[in-house]
Each structure stands twice: as C-alpha cells, then as structure tokens.
1. Given the conditions (1) away from the ligand (no atom under 16 Å from the Cβ); (2) touching a strand residue (DSSP E or B) at 6+ places or on another chain (Cβ under 6 Å), which single one is not true for residue 199?
2. Just name the residue that is farthest from residue 235 (Cα to Cα) out of those in segment 55-68 that are buried (at least 18 other Cβ atoms within 10 Å of the Cβ) and touching a helix residue (DSSP H, G or I) at 6+ places or on another chain (Cβ under 6 Å).
3. Could you look through segment 234-248, keep only residues that are surrounded by 15 or more Cβ atoms within 10 Å (Cβ to Cβ) and in contact with a helix residue (DSSP H, G or I) (Cβ under 9 Å, 6 or more places away or on another chain), and pick out the one that is farthest from residue 44 (Cα to Cα)?
4. For segment 63-86, which positions are in contact with a strand residue (DSSP E or B) (Cβ under 8 Å, 6 or more places away or on another chain), part of a helix (DSSP H, G or I) and closer than 15 Å to residue 253 by Cβ?
5. Between 317, 298, which is within 15 Å of residue 351 (Cβ to Cβ) and touching a residue at least 12 places away in the same chain (Cβ under 8 Å)?
6. Residues that are under 20 Å from residue 62 (Cβ atoms) and more than 12 Å from the ligand (Cβ to nearest atom): does segment 174-193 have at least one?
7. So which helices (runs of 4 or more DSSP H) stay within segment 1-54 end to end and still have 2 or more residues that are surrounded by 10 or more Cβ atoms within 10 Å (Cβ to Cβ)?
8. Being under 24 Å from residue 17 (Cβ atoms) and either within 16 Å of the ligand (Cβ to nearest atom) or free of Cβ contacts under 8 Å to residues at least 40 places away in the same chain (or both) is the requirement here; does residue 76 meet it?
Ligand SMILES: *Cc1c(COP(=O)(O)O)cnc(C)c1O
C-alpha cells in the first residue's frame, strides 16, 4: 500500500521537533537540553499495585503543587510534561483549519510543531532585536488568534520578557484570546513569575514543569495554572489517564518541603555557575556576544559557531546549535552544568586558536 499517499499530506511534510535526544551525538558532558546536572535518587514510596487505572488528576499531587505555588486546587491541572499542555491548549481552544495561534521566534519549537500536527494555523511575530516582544505588531492581530504563546524566560535566548508587555497584552486580549506564559525556567528567576496576575486576568494561562529546576526531565510531569473555567475545559479534552502512578508518586515526593529546599539551593548554585560562565566567555575574543540570560542556559554568538561546535564535540561536550533559527546566525546555546562541566567548556573554547 502507498502509505505515503495514505498519511495526511501535512504530516508527510512535517518537520518534527528536533529534541536533543533525537539529534543525539556522543559525549561525556551533556549541555544540550537544559537538563539539570544534579539528581536525587527516588524510590517508589510503597509497593504499587498497578492493576487499576490511576486518577486522571492525582489529588495528592495537585495539592502538593497547589501549596508550592500558593493557589487553590481548582486552578491547577497536571499534565504529561508541559509539552502535553502546549498541545492540549491548542486542541481545546483552536478549531483546525480555522483558528490561529501566535508565537514569537526565536522561541521554543513545540508551539509550532503542536499547532502543525493539530492543523491549526500559526502566525509568527518575530522578537525585536533585543529579543523582547514586538507588541505593536502583535496587537495588530488581536481578534485573529485564540492563543499567544510567550516563553518567559525565553528559550533559547534566555531573555526575561518585560512584565509590562505581558500585562498590556493580557489587557488588550482580554476578550479575544488566552495569553499563555511558558514558565518552564521560572524557578531560575522566581520573582518574575506572573502567578500573582492569575487573580486579575481570566485569560492568563501559565505552564510549569518539573523537568528543569526540579531535575526531573525523565519523569514527564508538568502543570497548567489558570482560572477554574479554563482548567475545566482542558479536563474535557485531556487523556483519561495522563499521569502514571509511578509518576505521581515521585512527583509528590519532589514537592516535599525538604526537596523544594534542595531544588532552590541547586538553583542558586546553577545561577552562580551561569554568572561564572558568562564572565569567562565574555573574555574570549571568538565569542562575540553573550546574551543576558535568566535561565539555566546561555545563548552566545560566535565568530564561527561551526568551529566551536566541532571543537566541543571533539572534546565530548554536547551543546545546542541554534544557528539555523531566525536571527540566530552563529549562535549556540549552552546549558549550565556543574562547575566542572562549565570549566571544561571554557578550557576547550579558550584553547581554540583565535
Ligand atoms: C523544556 C521545555 C518545555 C518542556 O517541558 P516538559 O515538561 O519536559 O515537557 C516546555 N517549554 C519550554 C520553553 C521548555 O524549554
């Protein structure tokens, strides 16, 4: 059978998400997926009986996250990583071949990939030269999109988006669209979370994850924070059993008081490592720009990114090439590792002939 003719044409032509795992490579030092270099050893709390389906929204997990973010239970939805939430929002609010979303490249690729898979159009409004939102341009589309995805701090640039711009957007879009703030990295600059705005704006949706600051990328657990009405609609669409029992068991443990303290200490360490790395890289002539970052990665523009990537790879250090992304020619993104990993990056780049 001609499977090529059977498959949806847009799926046949789809460029799938290039995860760090898919790109692969070989190395000893992994600084390509913004994962944490630190880890806990988790054990299931008890012998789990797995013959029964889990709760769709494990109560104890929702409660644990509610107390971490200081919100009521009905403002929280647990998802299979925040990637599921990105898709779920589009499925719930956008009709295929009819409604649109907006996102602002260069940014996280899953907004585009998810909308394409679902068959929802996307409007791209590039970030300005300083990587801030082009508010004037976005506003011109008001009424023509259902969702706008804003990644804050933005991946891969590390930029903290002006909160005044976010508030302005929430106001002008109040009756027309949801403003989705992807706070995957917000623990690295916690005071810039817009959680406190949830009470004021019914069109605000916040995405969170345990994958980054909580060091649990392998767990696949994320959260949507929003008003109860929106959560209710998302619950109509979400898979019946998105959270496997071992996942909620470990997620609940990770949200204990002591584990949250551990997470916060690691954040301080990683932020210190980032400052060190920024400082060192700024002194290297073949690194042209080190962009200001508020997350656990930094974006740098090099004289020749290919040369640096190759040299790092030769030394078994894997970072992320961003040079093909909009306006990111010769840019690479380096996740912040432990002190040793950061030092190795500097050693290797310094050794390159300038
Ligand atoms: C890593 C990342 C995510 C994905 O989080 P998961 O919870 O692991 O699915 C979402 N948004 C951004 C911007 C990310 O960088």
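The values are calculated or read from the model by the stated rules, or taken from the named source; none is laboratory data. Here the structure is a predicted model, which is why all the values come from computation and not from measurement. We place every Cβ from the backbone using ideal geometry, glycine too, and count neighbours over all the protein chains shown.
1. If we test residue 199 against (1) away from the ligand (no atom under 16 Å from the Cβ); (2) touching a strand residue (DSSP E or B) at 6+ places or on another chain (Cβ under 6 Å), just (2) comes out false.
2. Going through the qualifying residues, I end up with 64.
3. 234
4. 65
5. None of the others qualify; the one that does is 317.
6. Yes, that holds for at least one residue.
7. Those helices (runs of 4 or more DSSP H) span 9-12, 20-23.
8. It is false that residue 76 is under 24 Å from residue 17 (Cβ atoms) and either within 16 Å of the ligand (Cβ to nearest atom) or free of Cβ contacts under 8 Å to residues at least 40 places away in the same chain (or both).
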